[in-house]
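The structure appears right after this line, and notes come after that.
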Amino acid sequence: MTFDVATFDVSDTTDVTLNHPKTGEPFLVDVEVDDGEGGKKTVKKPMSVTVYGPGSQEFEAAQAQSEKSFGLSFHRGKSRETQAQKKARIASFLSACTISFNNFTYGGGDPKDRETFRACYSDPKRNWLTEQVNLEMGDWSNF
């Protein structure tokens with residue numbers, strides 16, 4: 001009997017654990033949680049981003065939109081996309097694929113809001129975060 005690849009599915013989503021941009025270690029932050037006795041305690045938890053992966057419909061739709069935007073920037077076989085347009089296209093793609101920021105937010109925004117995602121991914125000082133999410137989303141082994 002041979003293996004039927006149709007029986008093997010990857011997950012639609014994953015959590016991308018963020019690494020500190022200076023140390024390369026997981027970016028741990030203090031988070032308040034229930035202590036099990038009606039109180040609260042502070043624990044260290046990793047910052048992460050929950051995203052849709054390349055096997056999901058959401059990813060495919062976002063990728064199609066990104067490719068359409070990129071295609072519109074071509075003229076006579078050459079891209080006329082500026083660096084700012086490229087950054088905006090990537091931020092739009094990533095925000096469409098992001099479900100939530102976990103254990104952090106950006107600028108006080110809702111950690112489950114697409115505009116918060118877009119603002120974060122567009123911020124040049126957060127390129128370390130944008131690059132990590134983009135890289136991990138492109139790796140099928142994460143799903």
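Cβ-Cβ contacts under 7 Å between residues 6 or more apart (or on different chains), taken from a first residue in the range 1-20 that is modelled with pLDDT of 90 or more to a second residue that is surrounded by fewer than 10 Cβ atoms within 10 Å (Cβ to Cβ) and part of a loop (DSSP other than H, G, I, E, B), are listed as Asn19/Glu25. On inspection, Lys45 qualifies as at pLDDT 90 or above, surrounded by 12 or more Cβ atoms within 10 Å (Cβ to Cβ) and over 16 Å from the mean Cα position of the chain (by Cα).
Scanning the range 1-55 for residues that are among the hydroxyl-bearing types (Ser, Thr, Tyr), within 24 Å of Asp113 (Cα to Cα) and assigned to a strand (DSSP E or B) turns up Thr13, Thr14, Thr17, Ser48, Thr50, Tyr52.
Screening Ser141 with (1) farther than 30 Å from Asp9 by Cβ; (2) loosely packed, with under 15 Cβ neighbours inside 10 Å; (3) of a type outside the set (A, V, I, L, M, F, W, C) gives one miss only, at (1).
Is it true that Pro124 is loosely packed, with under 15 Cβ neighbours inside 10 Å and at pLDDT 95 or above? So Pro124 passes the test. Looking across the range 7-42, the residues that are more than 27 Å from the chain's Cα centre (by Cα) and of a type outside the set (Ser, Thr, Tyr) come down to Asp34, Asp35, Gly36, Glu37, Gly38, Gly39, Lys40, Lys41.
The values are calculated or read from the model by the stated rules, or taken from the named source; none is laboratory data. This structure is a prediction, so every number in the text was calculated from the model and none was measured. Ideal geometry is used to build each Cβ from the backbone, glycine not excepted, and the neighbour counts take in all protein chains shown.
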